[in-house]
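The structure appears below as structure tokens.
The values are calculated or read from the model by the stated rules, or taken from the named source; none is laboratory data. Treat the numbers as computed from the prediction; the structure is a model and nothing was measured. When we count neighbours, we look across all protein chains shown, and the Cβ atoms used for this are built from the backbone with ideal geometry, even at glycine. Heavy atoms of the whole protein, side chains included, go into the accessibility calculation; ligands, DNA and RNA do not. Shrake-Rupley method; radii C 1.70, N 1.55, O 1.52, S 1.80 Å.
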Amino acid sequence: MFVSTDGPILHADLDAFYASVEQRDDPRLRGRPVIVGGGVVLAASYEAKARGVRTAMGGRQARALCPDAIVVPPRMSAYSAASKAVFEVFAATTPLVEGISIDEAFLDVGGLRRIAGSAAVIAARLRAEVAAAVGLPITVGVARTKFLAKVASGVAKPDGLLVVPHDGELAFLHPLPVERLWGVGAVTSAKLRDHGIGTVGQVAALCEAELVGMLGRAAGRHLHALAHNRDPRPVEVGRRRRSIGAQRALGSRQRGHDELDATLAALADRLARRLRRADRACRTVTLRMRFRDYTRATRSHTIAEATTDTAVILAAARDLFAAAWPRIAADGLTLIGLALSNLENSDAVQLALPFDRGGPVLDSAVDTVRDRFGTTAITRAALLGRDPGISVPLLPD
């Protein structure tokens, strides 16, 4: 009888993915600070990160922080191919793989101990196989829960392996800063630190009612559970997305209403097409904004009936944009994004009277043209001559 003291969950996360692919493919870049993307940083090597360069930072600011950085254009096809190769290694390791993004996944190896060894042994082998087959560094965290496995991989970066034994979970977790807890962003972190709470252990020392009073019911209960490493979620194979989104970094230049509206239309087109490809429909449209002072805001609207209609989605997005325009005009945007949520299967959507099918028929025709001749073969007049932005590779929706 085997008694497991590690795992059974692995969180595998490729290191500085886009930048690592560039360093793999061009030996001259290895060991040097690399920035992928010129106007806005899409990725930075760890050499550039050590100088303060971060993803989504403006290119001018990044080059000021790291003047000797080598800036390379993105090669999305290369990143997509590398991701596919890495996920083939994951699939060869265990059938229980839950992809989170193109460079990150959870793996459940609990049933493999007799034939493949402990979770720690499997994790070490996985790292070696990714390095040998794909030529990329990958960090793996091993723990009993998904939450702790992800925390472990974050602590172990870059190019590391960290195993959290079952009898050392809280000893590992509690000294960490509160920002390691899922859901603790800048706002929640500030609230906790204003109360003198800086570590996970200090969160765990509070009763649930205190956290609920401080952060609200949902956030308080969530953080109380995580601070005690309570995370019952299994690794889910084939789990479909609960939402899909796209965003566009804008840099620091002031953008006018028409230019931002065109960007919003492009995002709506892209997301609605993804919905239809995945046979999904959405009910909630969310506008995401980041302003020049680095503050963020979101605005949401829920539609009466689930839809895949580009025109309906764009109309909702434009209503949200119009409501936010006074602040946008005053503070300026550095990022605009759109998310679609409350997703359901499109074949479960009940048609509303009258059965007006004009929008879906047009959408289908446009999708067919783009599938055959490329995404730029047919576009909105407002987008002619404009930079459409970069379409990043994604896991299936």
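Scanning for something out of contact with any strand residue (DSSP E or B) (no Cβ under 9 Å at 6 or more places or on another chain), touching a residue at least 40 places away in the same chain (Cβ under 8 Å) and not in a strand (DSSP E or B), does region 122-133 turn up at least one residue? Yes, region 122-133 contains a residue that is out of contact with any strand residue (DSSP E or B) (no Cβ under 9 Å at 6 or more places or on another chain), touching a residue at least 40 places away in the same chain (Cβ under 8 Å) and not in a strand (DSSP E or B).
Looking at region 1-53 only, could you name the residues that are hydrophobic (A, V, I, L, M, F, W, C), more than 18 Å from Val134 (Cα to Cα) and assigned to a loop (DSSP other than H, G, I, E, B)? Within region 1-53, Met1, Phe2, Val3, Val41, Leu42, Ala50, Val53 qualify. Scanning region 213-222 for residues that are over 27 Å from the mean Cα position of the chain (by Cα) and among the aliphatic types (A, V, I, L, M) yields one hit, Met214.
Only strands (runs of 3 or more DSSP E) whose full extent lies in region 191-310 are considered here, and the ones with at least 2 residues that are in contact with a Gly (Cβ under 6 Å, 6 or more places away or on another chain) are 243-249. Mind listing just one residue for me: the one in region 21-53 that is within 20 Å of the chain's Cα centre (by Cα) and touching a residue at least 40 places away in the same chain (Cβ under 8 Å) and, of those, surrounded by the most Cβ atoms within 10 Å (Cβ to Cβ)? Across region 21-53, the extreme among qualifying residues is Val21. Considering every residue within region 103-121, establish whether at least one is open to solvent by less than 20 Å² (accessible area, probe 1.4 Å), of a type in the set (A, V, I, L, M, F, W, C) and out of contact with any strand residue (DSSP E or B) (no Cβ under 7 Å at 6 or more places or on another chain). No, region 103-121 contains no residue that is open to solvent by less than 20 Å² (accessible area, probe 1.4 Å), of a type in the set (A, V, I, L, M, F, W, C) and out of contact with any strand residue (DSSP E or B) (no Cβ under 7 Å at 6 or more places or on another chain).
Residues are listed down the side, and each one gets a yes or a no for (1) crowded, with 20+ Cβ neighbours inside 10 Å; (2) among the aliphatic types (A, V, I, L, M); (3) not in a strand (DSSP E or B):
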| residue | (1), (2), (3) |
| --- | --- |
| Thr55 | no, no, yes |
| Ala62 | yes, yes, yes |
| Ser80 | no, no, yes |
| Ala85 | no, yes, yes |
| Thr139 | yes, no, no |
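Take the residues in region 224-252 that are hydrophobic (A, V, I, L, M, F, W, C) and farther than 30 Å from Leu42 by Cα; name whichever of them is most open to solvent (accessible area, probe 1.4 Å). Don't jump to the end; show me each part of the working.
Narrowing region 224-252 to residues hydrophobic (A, V, I, L, M, F, W, C): 225-227, 235, 237, 244, 246, 249-250.
Those still in the list that are farther than 30 Å from Leu42 by Cα too: 225-227.
Working: Ala225: 24, Leu226: 8, Ala227: 0 Å².
Applying the filter and picking the extreme gives Ala225.
Going residue by residue through region 142-158, is there one that turns out to be open to solvent by less than 60 Å² (accessible area, probe 1.4 Å), touching a Pro at 6+ places or on another chain (Cβ under 9 Å) and over 11 Å from Leu10 (Cα atoms)? No - not one qualifying residue is present in region 142-158.
Restricting Thr334, Thr379, Thr375 to residues that are in a loop (DSSP other than H, G, I, E, B), under 27 Å from Ala56 (Cα atoms) and modelled with pLDDT of 75 or more narrows the list to Thr379.
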